[in-house]
Amino acid sequence: MSDSLSAQQLLRIRNKLETIVAEQAGTKAADAATAALQRMRAGEFGYCVDCGDEISAARLAAKPDVAICVDCQALKDEEEDA
């Protein structure tokens, strides 16, 4: 689990993700939140699923269900624009 996040930050993020799952069941947002919660339980939360680098605390705070780092997102966006 990401070392740059405090226990309090992780608790807030987990609560936010659980709320999304409960209130938006059956949506893409709920699916992404569920996946993030699974990564938390597996100790993989806060690390990019593509490259393994740590995802910044600021990015996770803004979008707690994010699964990839800024660099991988930029590469993905470039591929989609091509």
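Quick look at the numbers
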read-out: Boolean, LEU60 is touching a helix residue (DSSP H, G or I) at 6+ places or on another chain (Cβ under 6 Å) and in a helix (DSSP H, G or I); value: no
read-out: ALA67 being of a type outside the set (S, T, N, Q) and either open to solvent by less than 30 Å² (accessible area, probe 1.4 Å) or outside any helix (DSSP H, G or I) (or both); value: yes
read-out: Residue list for region 13-22, restricted to those being open to solvent by 60 Å² or more (accessible area, probe 1.4 Å) and touching a residue at least 12 places away in the same chain (Cβ under 8 Å); value: ARG14, LYS16, GLU18
read-out: Region 45-71 residues that are charged (D, E, K, R), paired with ones that are open to solvent by 30 Å² or more (accessible area, probe 1.4 Å) and in a loop (DSSP other than H, G, I, E, B) (beta carbon under 7 Å, 6 or more apart); value: GLU54/SER4
read-out: Selected residue (only one of ALA25, ALA29 is surrounded by fewer than 16 Cβ atoms within 10 Å (Cβ to Cβ) and either over 13 Å from the mean Cα position of the chain (by Cα) or without any contact (Cβ under 8 Å) to a residue 12 or more places away in the chain (or both)); value: ALA25
read-out: Residue count for region 34-58, restricted to those that are surrounded by fewer than 16 Cβ atoms within 10 Å (Cβ to Cβ) and basic (Lys, Arg); value: 1
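The values are calculated or read from the model by the stated rules, or taken from the named source; none is laboratory data. On a predicted model such as this, the values are computed, not experimentally measured, just so you know. Cβ atoms come from the backbone with ideal geometry, glycine included; neighbour counts cover every protein chain shown. Just the protein is used for accessible areas: all its heavy atoms, side chains included, with ligands, DNA and RNA removed. Shrake-Rupley method; radii C 1.70, N 1.55, O 1.52, S 1.80 Å.
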